[in-house]
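Data first, discussion second: the structure below is written as structure tokens.
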Amino acid sequence: MSNLAISSPIVTVALTSNPVMWAYLIFSLVFIVGLALIVVHGDWQTPRCLEKLILLGPLFYAAPLAAFGTEHFTFAGPVASLIPAWIPWHQFWVYFLGACFIAAAVSMITGIRAHLSASLLALNFFLFVVLMDAPAWAQNPRSRFALALMLRQLAFSGGALAFAASLGSWSKPLNRVTAMIARYFVAIPVLYYSFVQFMHGSYVPAIPLNRLTPDYIVGHNIWTYLSAIVYAAAGILLLIGKKTRIAAVSVGLVVLVVELVVYVPMAVVDRARIEGFNFMADTLMFCGAVLLLARAMPKDPDAEG
């Protein structure tokens, strides 16, 4: 008992001494392990480049998810403040969800209980929308940033739902319905983000949140407008259910390019601040969600409808 009393403060100090470092560390660890597993399993030998990109969907989703789970321990106070006041036991839910996020990330890259993890993640992010983000937007319906945050969580839910459908553990009719719901959960944010990026080209691309694109980014506004164009075309196809696989991959590809050109440099410059990491990780997780949707979409366009 005395050993536990001594070790608990030690663990707390270790986690909070450099919280940004822990986010990068867990992110990197999950990313490296997940990439190694893809290579070991031989999945990387698929001949088509676009199919290789789809393979990275679970990895792009899981690595940021694990890092965000770590932040539930290193930034427990700020995370707890986001929980609505009427929900009891704030601190408990922060730690519980943090542990669940890390476990779900491991499940996604290893394939162990992946269907259960993906299903629960989809439900979790949908509850975030209903319980936190939608009420926050309702309080300030003119805020495009509040709406963007809500739709980001909806897309995260859609990505996890699509992953669950792609694993085929349900009946075929249920898988089709689930994949269709996931498609709408991603298509609506993509179309809204397209509109916002056309209207506000000086703000960061991919997920149009409340930050101007830094002047040191090569190309600057061009990445926002490029994203808007691809989002518009692909979003319409996703919404009407035509060429959905290539549409989702197209969005995933442009988000990955934006991640490398815009958000990785931002994370390097802001490496001492958690906000720099979060912008980079959020965008990569959105890329993963879209690629998970592509994974669940039929390879044969004639099978769509």
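Computed from the coordinates by the stated procedures, all read-outs in this text should not be read as laboratory data. Model, not experiment: these values are computed from the prediction. When we count neighbours, we look across all protein chains shown, and the Cβ atoms used for this are built from the backbone with ideal geometry, even at glycine.
In loop segments of the range 31-135 as defined by DSSP, the trypsin sites (Lys or Arg not before Pro) with at most 12 further C-beta atoms inside 10 Å of their C-beta are R48. Computed from label points 7 Å out along Cα-Cβ, the spacing between L116 and L37 is 1.5 nm. In terms of other Cβ atoms within 10 Å, F277, F145 run from fewest to most in the order F145, F277. Spin-label model, V269/K52: points 7 Å from Cα along the beta carbon direction are separated by 3.1 nm.
If you wrap the range 2-303 in the convex hull of its Cα atoms and look at it from every side, the mean projected area works out to 16.9 nm². Anisotropy class assigned to the range 42-143 is prolate, per the alpha carbon gyration tensor with a/c at or over the 1.5 cut-off and a/b larger than b/c.
Can you show me the helix-derived [θ] at 222 nm for the chain, built from DSSP H runs with n ≥ 4 at -39,500 (n - 2.57) apiece and divided by the number of residues, rounded to the nearest 500.
Values: 14 runs with 225 residues, N = 305.
My calculation for the chain gives -24500 deg cm²/dmol from helical runs alone.
Taking other Cβ atoms within 10 Å as a rough exposure proxy, W44, W93 sort from fewest to most as W44, W93.
Determine the gain in length on full extension of the stretch A99-W44; use 0.36 nm per residue of separation and subtract their C-alpha separation, reporting nm with one decimal.
On the way: separation 55, 0.36 × 55 = 19.80 nm, distance 2.98 nm.
This chain segment gains 16.8 nm when fully extended.
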